[in-house]
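The values are calculated or read from the model by the stated rules, or taken from the named source; none is laboratory data. The structure presented is a predicted model; accordingly, all values stated were derived computationally and were not measured. Cβ sites come from the backbone with ideal geometry, for glycine too, and all protein chains shown count toward neighbours.
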Amino acid sequence: MTPLDTLYLASAATLAAMLVLGDWRRAGVLATLMYGVQLALLFTMQRTGSTSFDLSALGFELSWRFDALSWFFAVVTLGTAFFASWYGAGEWLRAYTGRRRLFQSALAANVFAMLLLLGSGDLLTLFVGWEATSWAGFLLMALAGGLARDAALRYLVYAMAGAMALLGALVVLFQAGGSFSYEAARATLAAMAPGPLWALIILFGLGFGAKLALLPLHLWQAAAYSETPAPGSVFLGGVVGRMGLFALALVLVGLIGIPHLQALAVPFTFLTAQDVVAWVAALTVVLPTYTALKQNDARYLLAWHGIGQGGYMLLGLIVGSALGSAGGLLHVINYAATQATLLMVVFGVRHRVGHTDLNRLGGLVARMPLSFLALLLGIISLAGLPPMSGFVSKWMVYSSLIQDGRPFLFLAAIVGTLGTILSVYKLIHNLFLGQLRAEHEQLNEAPLSMLIPMLATATLAFVTGVAPGLVLGWVADAQAAIGLPVIDYTLGGIASPRASLDMLWVVGVMFAGFGVGALLFYGAGGKTHRVHQLDNYAGGHFLDAGMRYHYSDNFYAGLMHLIGGWYRGSFHWLEGAIGSGLSLVAQGAGGWYRAINPAFYLLAASVALIAWVAL
Amino acid sequence: MDMTFAPDPLALLVIGALGLIVVGAAGLAFGRHLFRLVLALGLAEAGANLLLVIAGYRWDAVAPILTGSAPAAMVDPVPQALVLTAIVIGVGVQALAVALLVRVKLAYGTLDLAELKALVERDIRAAAGIGEPDSAQAPATLPGPAGLIGERP
Amino acid sequence: MHRIATLLFALGLGVLLLGLAAQLPLGATPMAIGNEILARAPGEIGAANIVTSVVLAYRGIDTLGELAILFAAATAAGLVLGHAGSRSRNGEAGFILRTGSDLLFPLLLTVGFYIVLHGHLTPGGGFQGGVVLAAAFFASFLARPSHRPGHGVISLIEGLAGAAFIGIGLAALAGGGAFLQPLLDRGMLGELVSAGSLPLLYLAVGLKVGAELAGLLAQLAE
Amino acid sequence: MNALVLPVVLPLLTAFLLQPAGRLSAALARWAGPAVLLVCAGLLVQIALLTGGEPVTAAIGGFAPPVGIVFYADALALLMAIAVPVSALLLWPRAEAGEAGVRQSALMLLLVGSGTGMALSGDLFNLYVFYELLTVASFGLASATGTGRAYVATVRYVLVSGFGSLIALAGIALLYAQTGSLNLAQLADLAPERLANPLGLAAFACLLIGFGVKAELFPVNNWVPDLYACAGKPISALLAGVVSKLAVLVLLRLTVLVFDSPEAREMLMVLGLAGLVTGELAAWRARDLPRLLAYSSIGQLGLLFVALSLPGPAGLAAALAVALHHLLVKPALFMLAERWHGSLDKLAGAGRASPLAAGLFTLFALSLVGVPPLPGFWAKLLVLLELARGAGPFDLTALALVLAVTVVEAHYLFRLVGILYSPGEFRDRHSPRALAVAGLGGAVLVAAMLTLPAVSDALAGLASQAADTAAYRTLTLGGGL
Amino acid sequence: MAWLVLLLVVLMLGAAVLVLLLDNLVAAVAAASVVSLLLSVLFALLAAPDVALTEAAVGAGLSGAVLALGLRRLGLAGIKAEDDHA
């Protein structure tokens, strides 16, 4: 029984427990504990290890093994699962009206499927894990029914299209290489001619891009992730999208290798394969972020950011330098913690208020201060400002872009970050700042069972921000596992000769500055005293309670008008075109069977057949 | 046609057989009235049978019946056995088809294929309980661009 | 437009088939099994009409299949027409038809049985004789629609004749040989009682086809 | 091994005697049919155990092939032969009173006898006769529901089958004119030098259209949707399940033994792809369950024809995997359709009303789409691997189309699963037998999944034996009794 | 012999086309029987007496009777068949 066996057994046991005890009142707590056990198991085992059993079917071997990369993603997965389950264990579960057993087992199935995917020992097992994750995700998303069911169905179409592209690539690779194992695949890919290699890259890109929601395939994610029940949405938003990144890292970087991508040129242009992927990632950073700006529901806003940050991670990874790829991989953990915190806060508000429509909220800071604090830490990390962890990984990716001499990509990243800052401000402003509405006067803080995990992930983001070294060790091992140059790091940050960062100093200086400012202010006898919201003077007269002076409706209307023009749902048009084109063809296909006089077409078909035979 | 050139009888027969099949097939494709389709089917089958018998014919050979006289070269008996079966199959199917036509006439009162197709479609939809059949409207296809869910248009 | 298109297709199909048929080895077919049967049949089966020996001996199960198809068609027609608007036609047909059918009935029966029993000697056999028998019963039914041949009797003859055919086959199987293996001695070629069990088989076929078609025609004529 | 003929002859004998037996006692007529089927199934299993999978032949009438007709029973033929009586027993139509009931049982017996004959026979015209018997029997059974629309659908089915059978007859004529023989083994010997020309290919095309009618091959399958929508669900399950596989088995024998040329395979692939694409797209637009299943059956058989066009034992293994998987799933789905009435949007809430049925439907949908652990995935994987091995222009387009169509299939199947589990009041027709058949199908599917290594070895053995033409020829022509 | 065959084939094909073109269905059935009859003569010429007898008895006789009875049953016999002419 290798350690990996015990991990898989524990995960399977969790699924079984949830299937059996799903409806039990304390099921949420049990699930959280079991995820905790799995996390502990993961930490006790070393980075690499393989299972003792492997299935063989039709002459193919299904084998599972862990390497540093899969271990790294497993940590993120189980961590997010632990906090999401904790978040959904207490008050939320009592208020949950859906079928508890189905929800708990769906979550457990998702975790188990993702562990299977992460530990896949060869391409066929990768595909089996990939399908398992897609279908478990579909089950989790389709739970809430109605709108969620449609969103889940749309996700399923994208996921199946991706899976089929992946299967096509696997099959072609198998025929060329003779077996599904990674080594054989690596050998055949190395020796492959540019033409088929491009086909494979496109197929793998489509396959994994569908789940990572890269640009052309991103329309499903926002709705699907937001309509899922709260803990599910936290888990999905936090980490499920990153499975695409894991697979891309495994295949594009691990099997094909960055140098090979750089060597592969796009015919008739001076772009290389690496540039193409980088630009897809860059566009995925920019466009969804500006769509996030337009969202009126906090959950959708954060979901659209999920897509943007996914593109960001791929951008870092594909740059291929030690600094860039470390930044990309580190961002997986940082963003998981950040997104989890933000989603927990938003769902906390939803738990209390009943909706998260940004145009009908405001001033909740007075009633939900701790949630406000968690959201504040989260948006600082999302925007990429010190002292939070988001800053560290964004800084690493930015400096690697500059070092590698890719000014336009850097520009795109900056524009993306600008969009992020604008939209997070909209989030915190419309939710917590401004005038408290009358109906929210008696609102009380999010329940304790939801508050603690929220704050825990926030502090986690803060701690990894202050001392990134704790996590960079895992990142370095992951880089080594897929053959990338390894980053050399210290507790405080990066110590490479060309760009160094020491967060301990940065945070120390920041707090020192705050300290000095506070000393000066309080030293000089300043006192702070509360100012009532209405103690204000606007537009020439005093405010009174009846008047609404805080308009959070259609925030950024001007900006929206400006960028609305050219971005008007171009991808929607693409999706719609494919949909209607397909239904037109289907109309024709159906016509064959509705033909009034089938024999006429029979005659035509037989003539064609015999003519073809004769020629 | 000058007399010396005697047309090769077998080629004529093949033309006859294929002609029958083609006329039958055209009748099947051409017909609107079910009864005429059954007739056309009978014709085509006759053509196929003729083709099968021709496949067994040998030049200047006699029928495969042993008469007391000297044993001359005989035609291949196997195709004839096959055609025997094929003809009776054809009539069996034809009789069943006519029986079915009687029932169709009783049920719908018409034997015109176009009308019947419409009537059957209406019945199937009624039996299944589908609403008004506006076949143009595609069922819930890929969720089209109903605007970004949750986004103010 | 539809008709022109159909004509075009018909002509196209015709030309193509003719093009293909030109390559047919007409008149000189490679009789791979034909010659062997022509050589072995008289000795091995003892029937003068070699086609009958092929139909009943060499390819016996084809004929069994053929019987079953006719039985299936009649049963299916019965199922379909079972109770469709069966208004029993009373009254007598015209005088000429009645006397004509009375005169013809015995004649048709003898011709029918002649064809059936001489199946192994002269052209004809169970199927053709059966049709003539059916015509005999049908003529009498046309003359007097009221008393149609008993439905029970017909289905009884039909069932038993079919069972007889298979029984003879099974007898061969029970006797150690293969299913439908020719039994009894072959007797003198050309004699009425020759070719072993073939005449019996053709008799069964004739009765079955006759009963079936009579029933079918009666049902259709209701 | 002359007892091989009994499973074909006994049902025919009982069918003939059913009518007179009905006179004696109604009970006898009612239970004679299923009893004989049990006996036949027992016989076949006993033969299978006796021969232990080694092919065995039975010359009809004692005449050694090629002169006489021969029954050739290798493992594949026996498997299909056993499947016929078993599925007929499972899908026996609801007993009707009196005359109609007796006639229906007789037709069912004829269908089983001819089906078993088609699986075992080794002679081309004998296959044609059994195929016709199967068709005529299915005409009667299809129109048994007695509704006006069933008659019209059956008439169209009769016309298309008639067209198919006359084309097949023309094919046999062309074939006989060139080779002078009907025995499959001898045809296999003569094929290389006699049938290599376009006329040989034309003969194959005619036979393909002829036998393709029941195998729902592209040009001749427009009778399928209306017939399965109007005929009784048990008979539709039987037709779509085992009967279509028998027709495919005949075509499989033809392609493996006689027409082994690349053009023939190309033709199969093109027609298969056409059936696959039109079937699945039409299913995507269907708005009532029976026709959706009918279109999906056309699509699945299209995939089967694509698999059939793959050369070599590996291609055959893929084809058998797809065929057996479809044989298992489709009848079960049709029986589920019997519990739920037609229109799709009327099925809302079925998940709550009959959770087991909805669960089974989801399981079958997952297997049809090809989700990994289920057998459906392994069958599709085999087909895709063989397509990739071919790597010709046809193969790659076929690969792309099969994958694209799977996405469409996933969408319409899981749109329906979504409807099943959406809230709504729903009461399904109470039919315990339908659930039993569907449950059995599901159980076998899961069992196949769990014992995958054993199943895959057996499949490989089956395929290599079926693909071994040399053994077929020596055993049949060598006069091995 | 060849001229006889030519005559018979032309007659047969003519009758076959007539089957499709005749408005009156009874006449069409009659034409079908004529085709069957000519076909049985051709079979006789092709040294296939068995088949000729079968074609005559079954093709001309039985199928003609079945179709005629069918017409009577369908009520289409005799009267000018209505809009069946496509």
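Points to keep in mind about this one:
- Listed by first and then second residue, the pairs linking a residue in region A:569-589 that is within 9 Å of chain B (Cβ to nearest Cβ) and assigned to a helix (DSSP H, G or I) to a residue that is small (Gly, Ala, Ser) and surrounded by fewer than 16 Cβ atoms within 10 Å (Cβ to Cβ), with Cβ atoms under 7 Å apart and 6 or more places separating them unless they lie on different chains, are A:Gly576/B:Gly144; A:Gly579/B:Gly144.
- Filtering D:Ala203, D:Ala168, D:Ala177, D:Ala196 for residues that are modelled with pLDDT of 90 or more and either buried (at least 24 other Cβ atoms within 10 Å of the Cβ) or more than 24 Å from the chain's Cα centre (by Cα) (or both) leaves a single hit, D:Ala168.
- Of the listed requirements (1) touching a Leu at 6+ places or on another chain (Cβ under 9 Å); (2) free of Cβ contacts under 8 Å to residues at least 12 places away in the same chain; (3) more than 14 Å from chain C (Cβ to nearest Cβ), D:Pro20 misses just one: (3).
- Matching entry among E:Val5, E:Val10, E:Val41 (being more than 7 Å from every other protein chain (Cβ to nearest Cβ) and closer than 13 Å to B:Ile15 by Cα): E:Val10
- Odd one out for D:Pro262 among (1) of a type outside the set (S, T, N, Q); (2) more than 10 Å from chain A (Cβ to nearest Cβ); (3) in contact with a helix residue (DSSP H, G or I) (Cβ under 9 Å, 6 or more places away or on another chain): (3)
- Taken over region A:219-256, the criterion of being in a loop (DSSP other than H, G, I, E, B) and within 24 Å of A:Gly579 (Cα to Cα) is satisfied by A:Leu219, A:Trp220, A:Glu227.
- Taking the criterion of being farther than 19 Å from D:Leu374 by Cβ and hydrophobic (A, V, I, L, M, F, W, C), the residues of region A:51-68 that qualify are A:Phe53, A:Trp64, A:Phe66, A:Ala68.
- Any hit, region D:367-390, residues being touching a helix residue (DSSP H, G or I) at 6+ places or on another chain (Cβ under 8 Å), closer than 16 Å to D:Trp340 by Cβ and buried (at least 20 other Cβ atoms within 10 Å of the Cβ): no
- Condition check for B:Gly90: crowded, with 24+ Cβ neighbours inside 10 Å and within 9 Å of chain D (Cβ to nearest Cβ): yes
- Residue within region D:142-157 that is at the interface with chain B (Cβ under 7 Å from one of its Cβ atoms), within 18 Å of the chain's Cα centre (by Cα), in a helix (DSSP H, G or I) and over 30 Å from D:Ala188 (Cβ atoms) present: no
- Single match in A:Gly525, A:Gly465, A:Gly513, A:Gly508 (criterion: at pLDDT 80 or above and not in a helix (DSSP H, G or I)): A:Gly525
- Restricting attention to region A:221-247 and to residues that are over 13 Å from the mean Cα position of the chain (by Cα) and closer than 25 Å to A:His572 by Cβ, the residue that is surrounded by the most Cβ atoms within 10 Å (Cβ to Cβ) turns out to be A:Thr228.
- The number of residues in region A:188-215 that are surrounded by fewer than 16 Cβ atoms within 10 Å (Cβ to Cβ), part of a helix (DSSP H, G or I), aliphatic (A, V, I, L, M) and away from chain D (no Cβ under 14 Å) comes to 1.
- Among the residues of region D:69-100, the one identified as part of a helix (DSSP H, G or I) and among the charged types (D, E, K, R) is D:Glu99.
- All positions within region D:164-196 that are farther than 23 Å from D:Ala467 by Cα and not in a helix (DSSP H, G or I): D:Gly180
- First in region D:300-318 and over 16 Å from D:Ala400 (Cα atoms) and assigned by TED's automatic domain parsing to the domain that holds D:Ala274, second anywhere and hydroxyl-bearing (Ser, Thr, Tyr) and not in a helix (DSSP H, G or I), Cβ under 7 Å, 6 or more apart: none
- Any chance C:Ala136 is within 14 Å of chain D (Cβ to nearest Cβ) and either assigned to a helix (DSSP H, G or I) or surrounded by 20 or more Cβ atoms within 10 Å (Cβ to Cβ) (or both): no
- Selection status of D:Pro66, under 28 Å from C:Gly34 (Cβ atoms), of a type outside the set (Gly, Ala, Ser) and either touching a helix residue (DSSP H, G or I) at 6+ places or on another chain (Cβ under 6 Å) or part of a loop (DSSP other than H, G, I, E, B) (or both): yes
- Subset tally (residues that are over 23 Å from the mean Cα position of the chain (by Cα), facing another protein chain (nearest Cβ under 8 Å) and in a helix (DSSP H, G or I)) for region D:388-409: 8
- Contacts under 6 angstrom Cβ, first residue in region B:93-112 being crowded, with 23+ Cβ neighbours inside 10 Å, partner of a type in the set (S, T, N, Q), 6 or more apart: B:Gln94/E:Ser63; B:Leu100/D:Thr154
- Entirely in region A:1-98, the helices (runs of 4 or more DSSP H) that have 1 or more residues that are within 20 Å of A:Gly129 (Cα to Cα): A:3-21, A:27-44, A:68-87
- Taken over region A:174-187, the criterion of being in contact with a helix residue (DSSP H, G or I) (Cβ under 8 Å, 6 or more places away or on another chain) and in a loop (DSSP other than H, G, I, E, B) is satisfied by A:Gly178, A:Phe180.
This table checks each residue for (1) more than 8 Å from chain B (Cβ to nearest Cβ); (2) part of a helix (DSSP H, G or I).
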position	(1), (2)
C:Arg3	no, yes
C:Phe9	no, yes
C:Leu18	no, yes
C:Leu26	no, no
C:Pro30	yes, no
C:Ile37	no, yes
C:Arg40	yes, yes
C:Val51	no, yes
C:Val54	no, yes
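- If the condition is being outside any helix (DSSP H, G or I), under 25 Å from A:Gln309 (Cα atoms) and in contact with a helix residue (DSSP H, G or I) (Cβ under 7 Å, 6 or more places away or on another chain), then region A:337-365 contributes only A:Thr356.
- Of all residue pairs spaced 6 or more apart or on separate chains, those with beta-carbon atoms under 7 Å, a first member in region C:1-26 that is closer than 14 Å to B:Gly27 by Cα and a second member that is in a helix (DSSP H, G or I) and of a type in the set (Val, Ile, Thr) are C:Phe9/A:Val607; C:Ala10/B:Val22; C:Leu13/A:Val607; C:Leu13/B:Val22; C:Gly14/B:Val22.
- Residue match in region B:23-30 (condition: aromatic (Phe, Trp, Tyr), away from chain D (no Cβ under 11 Å) and either under 16 Å from D:Ala170 (Cα atoms) or in a loop (DSSP other than H, G, I, E, B) (or both)): no
- D:Ala286 under 24 Å from D:Gly461 (Cβ atoms) and in contact with a Leu (Cβ under 9 Å, 6 or more places away or on another chain): no
- Filtering region D:1-32 to residues that are of a type in the set (Gly, Ala, Ser) and closer than 23 Å to D:Ala77 by Cα leaves only D:Ala3.
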